[in-house]
Each structure stands twice: as C-alpha cells, then as structure tokens.
Amino acid sequence: MDTLTTGEIGENLVATWLQSQQYVILQRRWRCRLGELDLIAAAPDQTIALIEVKTRSTQNWDIDGLLAISPSKQRKLWKTAEQFIMEHPQWSERPYRFDVALVTHSRAALMTPALFTRIQQQQHFSLHTYLENAFAG
C-alpha cells in the first residue's frame, strides 16, 4: 500500500494533469523559511505557474479549499515566490502567475465533472477546478 499523504496524492494528480496539458514541472514542494510552493511549472507559453493545490474530502467546509486561500495566505505565497525567484535567476525574466488547483477525494466515485481523476489508496481523487491567475499581488 502506498504511504503518500492525501495532500501529496492531490499534488501528484495535478502534476500529472499539468504535464498532459504540456506544462513542464520545474519544482515540487519547494520550501524556504517563508513557506512552501506546492508546484512550480512552466506553462506552454513559458509563463511560470506557481500552483497552490488544495485537496479536500467531499464533505468539506471551505468550498473545496478555496476559502483557505485567504489574503494572508496569498501574501505568504507572494513572499515565498519572491524568495524562489531570487534563488532561481534563470527564470527571473519570465512572467509569473499564481494558479489554484482544487482536488476532492472520496471512497465512492464522484458524480461531478472532473478535469482529471485517479483512484489511489482506495480513494477517488478528482481535479475538478483549475484557476489560472487566481490572485494577484
């Protein structure tokens, strides 16, 4: 049995979907003292997408993780992104954006439309919302 956490499974699902959309994954779970960026990918147009992945059960209280992207969380992500750019000058001239991916999981197959679905650890994981340029600094 795979021992990945629910969040890691959600991130892997999103990374696989992004690759199917011609994105190139540059970093996963990039960390610094300021915070973490779940996924960093080069979009087909060469924009650097900084992707926050929220994985929730179907019985969640925060609109599938969307409410967790509060103004304070956005500020923290911006500061973390600034540190990433400073440490990776080879990508500093490219445009950047923040994307949000919402993933749900359940023991039963989800009846809502999904962009991408996978079964892992006896759970159905579905990427149902991908918001490009979800927030600005």
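The values are calculated or read from the model by the stated rules, or taken from the named source; none is laboratory data. A quick note: this is a predicted structure, and the numbers were derived from the prediction, not measured. Please note: Cβ atoms are built from the backbone with ideal geometry, for glycine as well, and neighbour counts cover all protein chains shown.
Results for (1) out of contact with any Asp or Glu (no Cβ under 7 Å at 6 or more places or on another chain); (2) part of a strand (DSSP E or B), shown as yes or no for each residue.
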| residue | (1), (2) |
| --- | --- |
| 90 | yes, no |
| 97 | no, yes |
| 100 | no, yes |
| 103 | yes, yes |
| 118 | yes, yes |
| 125 | yes, yes |
| 128 | yes, yes |
| 131 | no, yes |
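When residues of the stretch 12-33 are filtered for being in a helix (DSSP H, G or I) and more than 21 Å from residue 85 (Cβ to Cβ), how many remain? The total comes to 7. For the stretch 34-57, taking the residues that are hydrophobic (A, V, I, L, M, F, W, C) and not in a strand (DSSP E or B), the one that is nearest to the chain's Cα centre (by Cα) is identified as 43.
Selection of the stretch 1-34 for residues being farther than 21 Å from residue 132 by Cβ, buried (at least 16 other Cβ atoms within 10 Å of the Cβ) and either among the polar types (S, T, N, Q) or modelled with pLDDT of 95 or more (or both) yields only 6.
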